[in-house]
Amino acid sequence: MHYVYLIESERFPDQRYIGVTNDLKQRIPDHNEGKSAHTSKYVPWNLATYVAFSNR
């Protein structure tokens, strides 16, 4: 499965990020561990929503 997801920063409510992954369960912890340069300064993140697709 492939996922398009929206996360929102807990500390900075106006900060949102849209991403694509094939491993959503791992991707959100990666964001919260600062592994993405685009999202590391706004941790922690909460998953707001996602859509699953069978192919990319």
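What the table shows:
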{"read-out": "Normalised contact order of the chain, rounded percent, pairs of Cα under 8 Å and 6 or more residues apart", "value": "49"}
{"read-out": "Per-pair calculated FRET efficiency, R0 = 35 Å: Phe53 and Glu33 via Cβ, rounded to 0.05", "value": "0.85"}
{"read-out": "Mean residue ellipticity (222 nm) of the chain, computed from DSSP H runs ≥ 4 via -39,500 (n - 2.57), nearest 500", "value": "-4500 deg cm²/dmol"}
{"read-out": "Segment 16-24 - phi-based ³J(HN,Hα) in whole Hz, Karplus 6.51/-1.76/1.60, Gly and Pro as x", "value": "10, 9, 10, x, 10, 7, 10, 9, 5"}
{"read-out": "Positive dipole terminus of the chain, leading residue within Phe12, Pro44, Asn55 (C-beta point charges)", "value": "Asn55"}
{"read-out": "Summed residue charge, Cβ within 12 Å of Trp45's Cβ, Lys/Arg positive, Asp/Glu negative", "value": "+1"}
{"read-out": "3J(HN,Hα) from dihedral phi, segment 3-9, Karplus parametrisation 6.51/-1.76/1.60, rounded to Hz, x for glycine, proline", "value": "10, 9, 10, 10, 10, 10, 6"}
{"read-out": "Matching label, semi-axes √(5λ) of the Cα gyration tensor in Å computed from the structure shown, candidates (1) 20, 12, 8; (2) 18, 15, 7; (3) 45, 11, 4", "value": "(1)"}
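A short reminder: the numbers here are calculations on the coordinates, not readings from a lab. Computed from a prediction, not measured in an experiment: that's the story for all the values here. Cβ atoms come from the backbone with ideal geometry, glycine included; neighbour counts cover every protein chain shown.
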